[in-house]
Structure formats: structure tokens, C-alpha cells
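The structure appears right after this line, and notes come after that.
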Amino acid sequence: MNAGVLALQGDFREHIAILRSIGVTAIEVRTPDELDAVDVLVIPGGESTTIGKLAERYGLIEPIRGRCSEGMPVLGTCAGMIFLAASTVSGHQPQLGVLDAVVERNAFGRQIDSFEADLDVVGLDSPMHAVFIRAPWIDKVGADVSVLASVTDPVGVEHPVLVRQGRILASSFHPELTGDTRLHQMLVDFLDAG
Ligand code: GLN
């Protein structure tokens, strides 16, 4: 089993390290050939417009879409979540559109543009400590998307920050920065689940 981490921009090295820490072979993916060599893919946090534009330039958009439609497990974190989604509320940027969700970039606003929280996650038996850095939240999800965790804003409205659609997992936060390996393990387990 080979895991790939899209390594165009952002904190791909941290994801490689987490994957290796759970015993998975992990490589950096920058080309369609490298994508062909992996069984699961992580799309890291960073700057989603930059990741999207570089993915276009490297000819990766269609190959990643194709692999997703064939059932390749994917985990997108923060900018990676934005890149996976169908659209953003703020306008056009290159996106894969494989996750049926509308995302709002930098949704938590300036005052709290970075914060940490303990999240209850559906299917996990203890909270997950989550680091949010200029993070998006999800505005709308399609019928096939399950919300696994949400954050409540100051006026009491809940916003999804961890969702799953089939073998696609997307988080607003950065699991690779806390040493919590459970989302990466979930990704790898999607493959074993057949
Ligand atoms: N604010 C970034 C974006 O909109 C995402 C930040 C991150 O990945 N930590 O692309």
C-alpha cells in the first residue's frame, strides 16, 4: 500500500511524517505518474488558490477526479478540503468538485483566525484536539455527505468542520499538527474496507 501526499504547496511534509508514523509508505505526488503509483491520497493545508492553480499547471485535476470516481480514498485538510469541494461562497477558483459541499474560506473571521478546540467526532470514542488556521467551514452539504464534527459559532449556529462522502474525508482543521493519527488511519482503513 502506497499513500501519496499532494506536494505542490503547503504542509505536505507533516502529512508524510504522520503517515510514516502509522507504518504506511508515503510519497510526494506532483505528477500524474506519481498519482498512478498511490492507493490513497492526502491533500494538505496551505493556500487553496495556489494548490488549485499548480494542480492545473501540472495536469493533475482530471487525473485526481478520475481516481476519486474510481474510489481512491482521499483526505483533504483545510486548503485541501476547499480544493476537494464543489464551490466556495467567495467566487471562482480551481476546485476538484468531488466533494458535494460549498465551503466558506477563512470563515472564522479575523479575531479568531487561528484557534484550537476539542471536537466530538462521530465514530471516535474520545474527542479530537483540532488546530484551525485561517480555516474554512462548510456552508452546505449534499445528500451523500455525512457531517462527522461541527463547531458552534458565537451566535449558536453549528458549522460542519469534518465531513465524509464515501471514501472522501475532509477536515477544516490540521490533524497532521497534533500527532493525532486517527483521520489518517481512517483513510487507510477505507482501502481495507473494500
Ligand atoms: N485560508 C486558506 C485558504 O483559503 C486555508 C488555510 C489552511 O490551509 N490552513 O486556502
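Read-outs: derived from the displayed coordinates by stated rules, not from any lab. Keep in mind the model is a prediction, meaning the values are calculated, not measured. In this analysis, Cβ positions are derived from the backbone assuming ideal geometry, glycine residues included, and neighbour counts consider all displayed protein chains.
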Checklist entry - Taking springs between alpha-carbon atoms closer than 10 angstrom, which of ALA135, ALA107, ALA117 fluctuates most in the Gaussian network model of the chain? => result ALA117
Checklist outcome for this item: Residue separation between THR181 and LYS140 times 0.36 nm, minus their alpha-carbon distance, gives in nm 12.1 nm
Checklist entry - Once the dipole of the range 99-164 is set up with Lys and Arg at +1 and Asp and Glu at -1 on Cβ about the Cα centre, which of ILE138, MET128, THR152 lies farthest towards its positive end? => result ILE138
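Given charges of +1 on the Cβ of Lys and Arg and -1 on the Cβ of Asp and Glu, with all other atoms neutral, how large is the dipole of the range 40-134 about its Cα centre, in debye to the nearest 20?
I would put it at about 440 debye.
How high is the relative contact order of the chain, given as a whole-number percent (alpha carbon pairs under 8 Å, six or more residues apart)?
Dividing the mean separation by the residue count of the chain yields 19 percent.
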